[in-house]
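Written out below as structure tokens is the structure these notes cover.
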Amino acid sequence: MKQKNSEIYYKRNLPHYQPMGYTFFVTFRLAGSLPVDVVKKLKLDREKELQIISSIINNKLRTEKYYEYQKKYFAIFDNLLESCKSSPKWLMDENIAKITQEAIHYRDKSEYELIAYTIMPNHVHLVFTPITIIDHDVIKSTRNSVSSYNAIQFAESQDPELHNSQNSNSNFIVTKILHELKKHTALESNIILGRQGTFWQHESYDHVVRNIAELRRIVNYILKNPVKAGLVIKQEDWKWSYCNPKYLV
């Protein structure tokens, strides 16, 4: 793990970049929502692409290529989630969707400023700006704005045991928020389903939002996601979506 100029990096199976004071687009999914072989191929392909991008010497070009690939990767990832026939669809249960919805709103104004979300049958899209830094139970205020984003560094040395303890998670605000949200909703949802075991996939997709234009594009995408997936005809008919009125476009 390295921390430099309030920018935090960590790596589990995929590289993540979690700078403090930025807005994030996060997607987390149900356990078993993608076959293991599909996930493995996706990760191998991503590794190869990131290796190629990381070899680009020009800082600006490297950053742009990374963001181009992020869009491509997410489109593939999201399409796979929507088309997977074997995936559990526990979030289609209204009681479980409501638990997830309430947990997302519960953290608004205390842990983050909630911008938008959409709860799909097997995954959740969430956009928020953290408003606290959680560091070993010490809470400090931080910036609350969408910031422009400069270059991303690749090839950072990482702590291989990062996710093996609760203390490690507390060093990373986005990870901490998602950990608590997923832990609570998993417990409640498993009770409803009468099951035990992992409810959410451990790892989430997270992406730093660079500017207002990108924020609008992402929010529009997630609000239209239920229509794209054929769940409803009009986006306003999907009851498990939300957008902060300040960000309506």
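The values are calculated or read from the model by the stated rules, or taken from the named source; none is laboratory data. Since the structure is predicted, the reported quantities are computational estimates derived from the model, not experimental observations. Note that we place each Cβ from the backbone using ideal geometry, even for glycine, and neighbour counts take in every protein chain shown.
Cβ-Cβ distances below 6 Å connect no pair with a first residue in region 82-94 that is more than 17 Å from I119 (Cβ to Cβ) and free of Cβ contacts under 8 Å to residues at least 24 places away in the same chain, a second residue that is in a loop (DSSP other than H, G, I, E, B) and not aromatic (F, W, Y), and a separation of six or more residues or different chains. Determine, yes or no, whether T129 is farther than 16 Å from W200 by Cβ, at pLDDT below 95 and buried (at least 20 other Cβ atoms within 10 Å of the Cβ). Against the criterion (farther than 16 Å from W200 by Cβ, at pLDDT below 95 and buried (at least 20 other Cβ atoms within 10 Å of the Cβ)), T129 qualifies. Residues considered: N144, N164. Of these, the only one that is modelled with pLDDT under 50, over 30 Å from I57 (Cα atoms) and within 19 Å of the chain's Cα centre (by Cα) is N144.
Taking region 221-249 as the range and being small (G, A, S) and part of a strand (DSSP E or B) as the test, only S241 passes.
Exactly one residue out of L187, L248 is modelled with pLDDT under 75, more than 16 Å from I119 (Cα to Cα) and either touching a Gly at 6+ places or on another chain (Cβ under 7 Å) or of a type outside the set (S, T, Y) (or both), and it is L248. Residue selection: A229 fails the criterion of being small (G, A, S), surrounded by fewer than 18 Cβ atoms within 10 Å (Cβ to Cβ) and farther than 27 Å from V39 by Cβ. Considering region 82-113, the residues that are modelled with pLDDT under 95 and assigned to a helix (DSSP H, G or I) include one that is nearest to the chain's Cα centre (by Cα), namely E82.
For (1) farther than 23 Å from T185 by Cα; (2) loosely packed, with under 13 Cβ neighbours inside 10 Å; (3) of a type in the set (D, E, K, R), each residue gets a yes or a no:
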residue	(1), (2), (3)
L44	yes, yes, no
R62	yes, no, yes
L81	no, no, no
D93	no, no, yes
A97	no, no, no
L114	no, no, no
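Among the conditions (1) within 16 Å of P226 (Cα to Cα); (2) touching a residue at least 60 places away in the same chain (Cβ under 8 Å), the only one that N79 does not satisfy is (2). Residues that are within 25 Å of Y73 (Cβ to Cβ), without any contact (Cβ under 8 Å) to a residue 40 or more places away in the chain and surrounded by 15 or more Cβ atoms within 10 Å (Cβ to Cβ): does region 234-241 have at least one? Yes - at least one qualifying residue is present in region 234-241.
In region 1-75, counting only strands (runs of 3 or more DSSP E) that sit wholly within it, the ones holding 1 or more residues that are modelled with pLDDT of 90 or more span 23-29.
Does region 200-211 contain any residue that is over 20 Å from Y73 (Cβ atoms) and either surrounded by fewer than 17 Cβ atoms within 10 Å (Cβ to Cβ) or among the aliphatic types (A, V, I, L, M) (or both)? No, the conditions are met nowhere in region 200-211. Restricting to region 190-220, name every residue that is basic (K, R), over 22 Å from K98 (Cα atoms) and not in a helix (DSSP H, G or I). Scanning region 190-220 gives a single hit, R210.
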